[in-house]
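Beneath this line is the structure, given in C-alpha cells, with notes to follow.
Bear in mind these aren't lab numbers, they're just calculated from the coordinates by the rules spelled out. As the structure is a prediction and not an experimental result, all values here were calculated from the model. So basically every Cβ, Gly included, is an ideal-geometry build from the backbone, and we count neighbours across all protein chains shown.
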C-alpha cells in the first residue's frame, strides 16, 4: 500500500505539473499571438461623431498642440480601428484623423517628457481632446494620475511614410516588428488618483536630449525643455476678416475673445479665440458653451504664453 500511495502521489504531482506547464504555454501563446499580430494600413472615410465631421487623411506635416487624455481598462484586449488588439500596457495612442498606423512624438508641455508612440486606433471623441494615450503611455508621460495634459503631437513623417509604403506594397509588418516597450517588464499596479506609480524599467527612464534631435524609436522616452503655455478655445479660422469679426461679436459675452492673424498654406487666416484659460476643466465648460452657441467645430488649443 505505501508503494501504491507513493505512485499515486507522484502521478498527481506529474498531472498538476503538466497542467501548470500547459497553462503557462497557453498564456505565452496568447501573448505571442497578441504581440505578433499583423498591422494593416488604413486611412478611412470621413465620419461624423456627435455632430462633428472628421476627415482622415495622410498629413505628413501634422503638428498640433492641445489636450491629451488616456484610455485603458475598458478597452484592453479589444480590437483597435485597424484590426490590432489594444494592449493598455504598450506605448500606443488613438487619433481622430491620422493614418493607421502612424508614428508620432507626443510631448508633455508641462514636464518636458517626450514619447514616440504608434497610432493604431481612432479617438478620442470627448470635446477638447486631440489624442488618447494608452494607459502605459500616460504613465510614461507623467499624467495618468491627473488624467489630462497639455501636449504637442507631431507626426514623424519619415518613419510614418516608410511604414505606410511597406504596408501599401503588401508587406506583412507585425506590431512586434516595430520597436516597442516589452509589456512583461512593466509595472501594472493600480494607480491612486493623486499619485503616479514608480517606473521600474530602466529602459524607459527619460534621457536628456537636444530638442531638435530627440530619440525616435517607438517607446523611447526623452526629456526636452519646457516653456509656459496657455489654453485657448478657437471658434474658427477665417480667410475673411469680416466673418471673423462677426464671430467675435457673437462670443464677446463669454469672456476675453480676440482675433489673431496667422499665415497658413501661403494665405492669411484670422483666428477667433477665447482665452487664455486657467485650466482644462474651465476650458471644457467654455468649449461646450461655444459649441452650443453655434460653433460645433470649435476646439481647444495650447500655445506658448507670450511674455513681455
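Tell me, rounded to the nearest percent, the portion of alpha carbon pairs in segment 229-304 spaced more than 21 Å apart. It would help to have the intermediate numbers written out before the result.
On the way: 577 of 2850 pairs.
That fraction is 20 percent.
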Figure the gain on full extension for residue 267 and residue 60 (residue separation times 0.36 nm, minus the Cα-Cα span) and round it to one decimal in nm. 72.6 nm
Label-point separation in nm, residue 111 to residue 74, each point 7 Å along Cα→Cβ: 2.5 nm
